[in-house]
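Only one structure is covered here, and it is reproduced in the block below.
Throughout, read-outs are computed from the coordinates displayed, never taken from laboratory work. Fair warning: this is a prediction, and the values are worked out from it, not measured in the lab. Methodologically, a virtual Cβ is constructed for each residue, glycine included, from the backbone with ideal geometry; neighbour enumeration extends over all protein chains shown.
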Amino acid sequence: MMKQPGPASPAGLSGSKEHKKGEVKTAGGAAAVREQQLDQYFTFRDELKEVEFKRHDMPTPWMNYLSNGTFHTMLSHAGGGVAFYKSPQIWRITRYRFFHLPTDRSGPYIYLQDAGTGRYWCPTYEPAFQKPQEWSSSHGLGYTRFEAQEDEVAAKTVYFVGPYENSLIWNLTLTNNSPAVKVLNVYAYAEFGMMEFMRELQWQCYNKHQVSVQYHPKEALVYKYGVENQPKPEETPLVYMMSDTPLHSYDGDREEFIGSYRSESNPAAIEQGGCTGSTLLGGDPCGALQVQVTLQPGETRTVNFFLGTAMNEAEVEQAIEHSREADFVARSYAALKENWDSYLGAWNCELPDADAQRMLNIWNPYQAQRNFLFSRNISFYATGTFRGVGFRDTAQDILAVAPFDPEAAKEKVRLLLGQQYQDGHVNHYFFPNEGWDPVTSIHSDDHLWTALAVWDILAETGDAGFLQESLPFYDGGEGTLYEHLKRAIDFTASRLGPNGFPLMLRSDWNDQLFRVCRQGKGESIWTAMQLGTVLLRMKDLAAASGHPEHAAGYEAMYEKQKDLVNTLGWDGQWFRRAVMDDGRFLGTDEHDEAKIWLNAQTWATLSGMAEPDKAVQAMDSVRDILDTELGIKKLHPSITTFPDPADPLTNYNKGTGENGAVFCHANTWAIIAECMLGRGDQAYKYYRQLIPNVAMEQAGIWRYKAEPYVYASNLFGPESDKFGLANVSWLTGTAAWMYIAATQYIMGIKPVLEGLSIDPCIPSEWEGFTVNRRFRGCLYEISVTNSSHSCKGVKEIRVDGQRLEGNVVPAYPEKARVKVEVIL
Ligand code: IFM
């Protein structure tokens, strides 16, 4: 716990590539310097799997996700956040004011008031005006903890969502460190939203009179939202807010608790000495609970608050009683911890790089699991408004969950394939929770991603029976899982363009490309490479599903596309990206802008399609033209007028987002490509420079801004005046692919259908590393020795002392553990 420094200067950052870390422009133009030492802001506590924050005024709210899979809360390091049940679109329980000032409001706040003096403060630091003298907060796996002290009262608050009820638990422990008796008013406050977020924005003037907050005789508040126009009204829950300590008073009406022209910083009810006992039949709802705690000198007491959902009155009552059982909170917390320990027990490594080791053992799989759960729905950047499940996003997220929870991965594949049409294409976005109609635009890549996920699940489990499961098509009928995958290939095979590459359709992985392919004639060279990657897997899947006769067709298609990629697709120093509607190539030296695109270089190698000299040349061009000290740019030069000043390929400003930014998701494929080429030093350079705290150190915290423990989607590139600014953190395909790139390609421990393949491609300076990897029920204790300081090349593998032929270690379902020694 640290004494809080004063707030940082609110001045803006200087721009441009030449920025000096910490230099800020003041209003008068003079340079001021901000604290840049990262350890003044946060510290990793790897032994606890936590990151601790030492000040509240970070450049942005640094988030965590608390969740049991059904009830969720996104919570910042300073206590701001939003709770929702299943869907932030239609069952958003509390309000979070995205983009508005003051930043990071509202949240599930606790206020502690000395009943004698009336002074009050918040253990979360924000939002009360009076701040605690000492304060820190920590994000852990599924929980966030605040530790604070003010007025000789210490408060430790742990927020988490346990597995036994759908509720956010606010576990508050108070200690009186003074020699005098303390009488405290303790308030828990949450501002309720109107569940259906878009309706709230559009129709709140009417809908607000259809909500109620009532006092429940079991000393709780119950919030009811009157559903007017929603596909699943019967699935809308009641919300309850309660404590395990007798209530002194409460408020259900925000106006009564906060008061007019006030905010969460100075609630009127608290200043007037207590809640007013208001309920609400129409208006602006809130849940405010007041309990009184008397603490003798040195005494410690615990108070728990609960914000939860239940489907009806009877279930509310059961949840209230259940939550008040003496060991409910302790059991819930222990189960949360056990669940994460068990999940992460699938992988543990010791590396010569502590930052990489932390990411791979803790934060990267944690972030990837949150992506798997939330797709790209809600974060500090994404408002959870109309982003259901993205087909391509989720298909990629599965890759990093399969090693930890293959059954959940299978379930997600079933969900995705239910969105596939009989002709093989899929819905682009869909809304399984909300029941809304899907977004049906047809993209050249969406339907192809699933084969990669299925192949990985088979490799992880060895369960070829999965391919035989019968699954429905979205437009009726059903087919085996393999049949679904085959129809995806057939769909692409029947939609090739004039040059023979797959038609771009609405876009490929790059959302922006529709702008040069609106007429439907454009072709994606990158999709040809993605198709090739998938076809290699399909040959295996055909054999595994009892259709070896399909392999020749896949092979022929692969060879045809490979030939096109190496001829029409080759520009001389790199691979071209697409063919535009007008027949011209995109991604060629002939143009002034967007000459070279990252994905076409990386996937040429991922697909095994690039002829060897072209593969190397293309990745050399990436290194020479696209790489920066803060990651690899997506394309170069940025687009301003291409192909037509009146209708450029993208509206993104140069160096931002999809235009010349460092798109982290796409960087992961460069790491894989370099590993496949055996260039471990280059692969590791690309990997390490995007480890979030490493990139933050390089850019400076006030430039990077986003969380140092999870990946962001992109960093502004050198053509932007804010080079290094990280955007859209947490929910990004970077999480899954960075995990795959590091574990399966740099460390080279990759499940394949025959077993666990071991083929590291590491930096030559590494002496070696160790990994404990759960695989098909057995723990593989792997040690890799690199005394020859090579990047790649397995000389010998011994399993329990026995020399292995080749580098695929078989499955040992009958053994609990095996020792695997690898010499490079
Ligand atoms: O591939 C997309 C993804 O589906 C959504 N975010 C942007 C990526 C690149 O355009």
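Brief remarks follow.
- Dipole orientation for the chain: of the candidates V454, S607, A816, S607 has the Cα lying most toward the positive pole (charges on Cβ; Lys, Arg +1; Asp, Glu -1).
- Extension gain from Q422 to R518, taking 0.36 nm per residue of separation minus the Cα-Cα distance: 32.1 nm
- Evaluated with a Cβ-only charge set (Lys, Arg +1; Asp, Glu -1), segment 467-580 carries a dipole of roughly 540 debye about its Cα centre, given to the nearest 20.
- Among F71, F257, A552 - extreme Cα towards positive end, dipole of the chain, charges at beta-carbon: F257
- Cut-off 11 Å, label 7 Å out along Cα→Cβ of T300, residues of segment 159-189 by amide N: 173-176
- Rg to Rh quotient for segment 410-501, alpha carbon positions, Kirkwood Rh: 0.98
- In this simple spin-label approximation, S342 and R803 carry label points 7 Å from Cα along the Cα→Cβ vector, and these lie 4.2 nm apart.
- Under 30 Å from K232, Cα to Cα: lysines that are on another chain or at least 8 residues apart: K86, K208, K218, K224, K410, K412
- Lacking any other cysteine beta-carbon closer than 4.7 Å, the following Cys residues of the chain have no compatible partner: C122, C205, C275, C286, C349, C517, C664, C778, C791.
- Gap separating the Cα centres of segment 641-695 and segment 73-136, nearest whole Å: 36
- Note: segment 309-395, Cα convex hull, 173 Å³ per residue.
- If the Kirkwood radius is taken over C-alpha pairs of the chain, then at 10 °C and 1.306 mPa s the Stokes-Einstein diffusion coefficient equals 56 µm²/s.
- Simple label model, 7 Å out from Cα along Cβ direction - E765 to S494, nm: 5.5
- For segment 207-244 and segment 149-170, distance of Cα centres in Å: 23
- Extension gain, K131 back to K815 (0.36 nm per residue minus Cα-Cα distance, nm): 240.6 nm
- DSSP-defined beta bridges in the chain - what % are antiparallel, rounded to 5: 95
- Charge tally around N786: other residues with Cβ under 11 Å, Lys/Arg +1 each, Asp/Glu -1 each, net 0.
- Relative contact order of segment 458-545, defined on C-alpha pairs under 8 angstrom at six or more residues apart (%): 25
- FRET efficiency, L38 to R623 (Cβ-Cβ, R0 41 Å, nearest 0.05): 0.90
- Segment 752-774 and segment 350-382: distance between their alpha carbon centers, rounded to Å: 20
- Estimated FRET transfer efficiency when R0 is 35 angstrom, pair E590-S441 (beta carbons, to 0.05): 0.70
- Of the chymotrypsin sites (Phe, Trp or Tyr not before Pro) found in segment 212-280, the ones in coil according to DSSP and having at most 14 other Cβ atoms within 10 Å of their Cβ are Y261.
- Simple Cβ-charge dipole of segment 303-369, Lys/Arg +1 and Asp/Glu -1, about Cα centre, in debye nearest 20: 160
- Of the cross-linked pairs K634/K654; K49/K337; K633/K792; K521/K654; K337/K819, those separated by over 19 Å at the C-alpha level are K633/K792; K521/K654; K337/K819.
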